Amino acid sequence: MSSNMRIGGLASGMDIDQIVKDLMKIQNMKMDKLKQEKQIFEWQQEDYRTINSTLRSFRDNQVFQMKLQSTYLARNATSSNENTVKATASSLAHEGTHRITVKNLAEGASLTSSAKISATENLATLNDQFGTAHTDPLDFVVNDVIFQMDPQTESIYDLVGRINQHSSAGVSLNTTQRATATEAQVQKLKLADSALAEGLTITIGDKKVALWDSTNSQYESESIAKSALKADVLYDIASLTTGDAVVDAIKSDIDDGTLAITGATLTKTDVGELTITSNEVGAEKAVTAKVAGGKSWDVRASYDSTVDRFFLFTNKTGEDQKLEVVNNTLAQQLKLTDAATPTVNAISNGTNADVVIDGMEITEYKSNEFTLNGVTYRLQNADPAATTIIQVQTDNDAVYNSIKSFIDEYNKLMDTLDTKLNEKRYKDYTWPLTEDQQEKLTDNQIDMWKEKARSGMLRNDNTLRDIRDKLRSTMGELSKIGIVTTSDYFSSKLEIKEDTLKKAIQNDLQGVMDVFTGSGDGVDGVGQKLSDHVSSGISTIIEKAGANGNKADDDSFLGKRIDNVNDDIDNLEDRLKQIEDRYWRQFSAMEAAINKLNQQSSWLMQQFGGGA
């Protein structure tokens, strides 16, 4: 806006503001047309890009699946006794019969109390339950992880919760003294050798340390690992091969200031063990530790008050699963170990499945679900005396459903293209509306106006018509297997003659597959032809409207036109400002002249009046 002084009709009595606005309305009509032209280009670009997303999804999903031979080699598997074995088959399975005998299921490791464990019905605390008066903490040690329990305040359910919520194998982190108004927080962190794994992180207060394996790392360098793990200090477990060595390294770095833990003192109190003591009392001053990552913890626990027994088990099955509970006071109270043999720990090992398939005994499977030659077996129960028959056949229904799903998606695409090509264009409805137009319309009328203005942006578009016609021509090859055009001449959709297609699948599955995938003699099938046509169409649309999300450096046809219109709008805005300033200068000059005449007239009147 010009900074020139604007005189608004004080001398002439004219509404100069309104006069200038009315004069500028004529000039602004050019601006309205430019903005409306830009809106059309933007809507066309938006519609093209939406079509491109639809084409890309169709190509990458439905068309891709129809190019794969596995789509037509669908198999199903039936079991003669699903109480023993259930089975499914992939396209890799061959038709035929398999015989399986389940001698033993794969099992996890498990330990159970040898008898009832409670001395009373009061389960409020461990002391209450076992009828003891322990004042010192009790350790429960399973697979090198120590769970330190307070028998005066914690119950068996607390122990179960601790075990089930633990995250890293071989790591124990226990609060031996909780922060109060008069006491500081104390925690004990213990690392067993079995805990050492890349990715294990230990956060103590405001510092984070992490383990890294320089000889077998997922990270290319120490600096990358440190950044990825967001660690303050990294410890190489290729050289620090025991939990105790890592603890010594942490303690050494704390002592020399390399790793400064704010608000806490760390002391080594046992092999592989650090004690973290807050320097100040109060819960808000407590420095706490937490552990994440590392080796997965697959141990679970439960307690059943009805049978009054404690259960410990692994989530996974197989011979590599193991449970070992150290023989100590709490383990004895849980009746997992025996006080008469204090040096003997409670140990349980998992087992692999033992099956005989087609005469071959296999004992290597760690899970009760495994796949052999495309058949997935799910073992339910062991029955060494019984043989279950697994029958693998071609799944004709699955093939039919895949083709039907493909045709359904094709029809949706054709419907989208036909709708855009035939959508009516209302050229008399322009957008955006001018101020005068908006003042004359209600909000509902404005919405309806915009809907009509938005309609028909790609009506009779040559690019879309070319894509549609090529796809429709290619799909004509499917008529030989019962997929034909609908009776609606104006529609591009297809319909399936169900009996014809099912007979083709039943009697000549190879022929059906060849139609879609090609015969292998250099002739492309419908799948590849469609993929090529869709890819070509996508490229053409990108040239015309740019790629989705690409706003900067858009050198597409419409992108350039929008840029040109933006330049025209900028230039016109400058010219309109100049014109408006010119109008105001002219009217200001007129006002000044009238004001001067008024002053002269007043002087003359005074002179004549004075002479009288």
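The values are calculated or read from the model by the stated rules, or taken from the named source; none is laboratory data. Note that the coordinates shown come from a computational prediction; the quantities given were computed from them, not determined experimentally. Because the Cβ atoms are built from the backbone with ideal geometry, glycine has one as well, and the counts that use them run over all protein chains shown.
Key figures for this structure:
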{"quantity": "Verdict on SER302 being at pLDDT below 90, under 24 Å from LEU105 (Cα atoms) and surrounded by fewer than 20 Cβ atoms within 10 Å (Cβ to Cβ)", "calculated": "no"}
{"quantity": "Hey, ALA109 modelled with pLDDT of 95 or more, exposed (fewer than 15 other Cβ atoms within 10 Å of the Cβ) and under 30 Å from TRP297 (Cα atoms) or not", "calculated": "no"}
{"quantity": "Listing of strands (runs of 3 or more DSSP E) fully contained in the range 219-323 that carry 1 or more residues being closer than 30 Å to LEU126 by Cβ and among the hydrophobic types (A, V, I, L, M, F, W, C)", "calculated": "264-270, 273-278, 289-292, 299-304, 309-314"}
{"quantity": "Residues of the range 364-392 that turn out to be more than 11 Å from VAL102 (Cβ to Cβ), assigned to a loop (DSSP other than H, G, I, E, B) and touching a Lys or Arg at 6+ places or on another chain (Cβ under 9 Å), as a count", "calculated": "3"}
{"quantity": "Only listed residue being in contact with a strand residue (DSSP E or B) (Cβ under 7 Å, 6 or more places away or on another chain) and polar (S, T, N, Q), chosen from THR343, THR275, THR306", "calculated": "THR275"}
{"quantity": "Where a residue in the range 249-261 is surrounded by 12 or more Cβ atoms within 10 Å (Cβ to Cβ) and its partner, wherever it lies, is assigned to a loop (DSSP other than H, G, I, E, B), with Cβ under 6 Å and at least six apart", "calculated": "ALA249/LEU240; ASP253/LEU259; ILE261/GLY205"}
{"quantity": "Subset of the range 15-45 (residues that are charged (D, E, K, R) and either farther than 20 Å from LYS450 by Cα or in contact with a helix residue (DSSP H, G or I) (Cβ under 8 Å, 6 or more places away or on another chain) (or both))", "calculated": "ASP15, ASP17, LYS21, ASP22, LYS25, LYS30, LYS35, GLU37, LYS38, GLU42"}
{"quantity": "Whichever residue in the range 330-352 is outside any loop (DSSP other than H, G, I, E, B) and of a type in the set (Gly, Ala, Ser) and, among such residues, is farthest from GLY108 (Cα to Cα)", "calculated": "ALA331"}
{"quantity": "The listed residue being under 27 Å from MET29 (Cα atoms) and hydroxyl-bearing (Ser, Thr, Tyr), out of THR442, THR500", "calculated": "THR442"}
{"quantity": "Residue check, ASN83 modelled with pLDDT of 90 or more and over 27 Å from ALA197 (Cβ atoms)", "calculated": "yes"}
{"quantity": "Where a residue in the range 53-64 is under 17 Å from ILE403 (Cβ atoms) and at pLDDT 95 or above and its partner, wherever it lies, is of a type outside the set (S, T, N, Q) and outside any helix (DSSP H, G or I), with Cβ under 9 Å and at least six apart", "calculated": "none"}
{"quantity": "Within the range 514-554, tally of residues that are in contact (Cβ under 8 Å) with a residue 40 or more places away in the chain, hydrophobic (A, V, I, L, M, F, W, C) and crowded, with 16+ Cβ neighbours inside 10 Å", "calculated": "8"}
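To keep it simple, each residue is scored yes or no on (1) at pLDDT 95 or above; (2) of a type outside the set (Lys, Arg); (3) surrounded by fewer than 20 Cβ atoms within 10 Å (Cβ to Cβ).
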site	(1), (2), (3)
GLY293	no, yes, yes
GLU319	yes, yes, yes
GLU324	yes, yes, yes
THR329	yes, yes, yes
GLN332	yes, yes, yes
THR337	yes, yes, no
VAL344	yes, yes, yes
SER348	yes, yes, yes
ALA353	yes, yes, no
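So that you can scan it fast, the table gives a plain yes or no per residue for (1) surrounded by 16 or more Cβ atoms within 10 Å (Cβ to Cβ); (2) within 27 Å of the chain's Cα centre (by Cα); (3) at positive phi:
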{"position": "LEU55", "(1), (2), (3)": "yes, yes, no"}
{"position": "ASP60", "(1), (2), (3)": "no, yes, no"}
{"position": "ASN76", "(1), (2), (3)": "yes, no, no"}
{"position": "SER79", "(1), (2), (3)": "yes, no, no"}
{"position": "GLU82", "(1), (2), (3)": "no, no, no"}
{"position": "LYS86", "(1), (2), (3)": "yes, no, no"}
{"position": "GLY96", "(1), (2), (3)": "no, no, yes"}
